[in-house]
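Worksheet for the structure shown next.
The numbers here are math on the coordinates, done by the rules we state, and not lab data. The model shown is predicted, which means the values in this text are computed figures rather than measured ones. FYI the Cβ positions are ideal-geometry reconstructions off the backbone, even for glycines, and counts take in every protein chain you see.
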């Protein structure tokens with residue numbers, strides 16, 4: 001079975017005063033080439049550490065968060081509507097705390 005990594009990147013957009021006006025995230029699948037002979041670098045070390053384990057309750061918590069995530073579609077979020085310190089609803093992405 002081929003191994004791959006999903007890499008998340010962040011791009012910050014700034015205005016003429018270097019103030020951050022927007023942020024974008026993008027996911028990219030990194031798949032090792034069969035002919036490179038090396039596969040993914042660092043994989044052996046991570047393999048020794050083992051995979052993250054999630055309980056049935058944790059998986060259900062991720063599922064519920066996904067099901068109840070706010071979907072805005074084409075509805076814009078205007079700057080004037082955002083209050084400083086307000087937390088936006090969203091999914092807490094699963095992570096490996098190692």
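Brief remarks on what is shown
- Relative contact order (%) - criterion: Cα under 8 Å, at least six apart; region: the range 5-73: 21
- Residue 59/residue 13 FRET efficiency (R0 41 Å; Cβ-Cβ; nearest 0.05): 0.75
- q = 0.17 Å⁻¹, the range 5-73: log10 I(q)/I(0) [Debye, one scatterer per Cα]: -1.00
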